[in-house]
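Below: one structure, written as structure tokens.
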Amino acid sequence: MVEALREADSIAEALQTFQSRRKPVTDKYQELSRQAPTQGGESVFLKKATLKKLRLII
């Protein structure tokens, strides 16, 4: 959010920028959290390195 505020000319613009950056990430986690657990016990959540490769986080 801080980065978006620094880059924007207004708070409304900063919020819009922040949401456009974060929405794909939060949508993916929401989708993953609704999946049933697997028998293998492996997490359905992506690892940080994978998220960085997909450019979903910095």
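The values are calculated or read from the model by the stated rules, or taken from the named source; none is laboratory data. Computed from a predicted model, the values in this text were never measured in an experiment. Reconstructed Cβ throughout: ideal geometry from the backbone, glycine too, with neighbour counts over all protein chains shown. The protein model used for the area step is the full one, side chains on, heavy atoms only, and it has no ligands, DNA or RNA in it. Shrake-Rupley method; radii C 1.70, N 1.55, O 1.52, S 1.80 Å.
Could you calculate the FRET efficiency of LYS52 with ARG6 from 1/(1 + (r/R0)^6), where r is the beta carbon distance between them and R0 is 22 Å, rounded to 0.05? Please report the intermediate quantities before stating the final value.
Numbers: r = 22 Å, r/R0 = 1.00.
Efficiency, rounded to the nearest 0.05: 0.50.
If DNA, RNA and ligands are ignored and the probe is 1.4 Å, what is the ranking of LEU32, LEU5 by accessible area, most exposed first?
LEU5, LEU32
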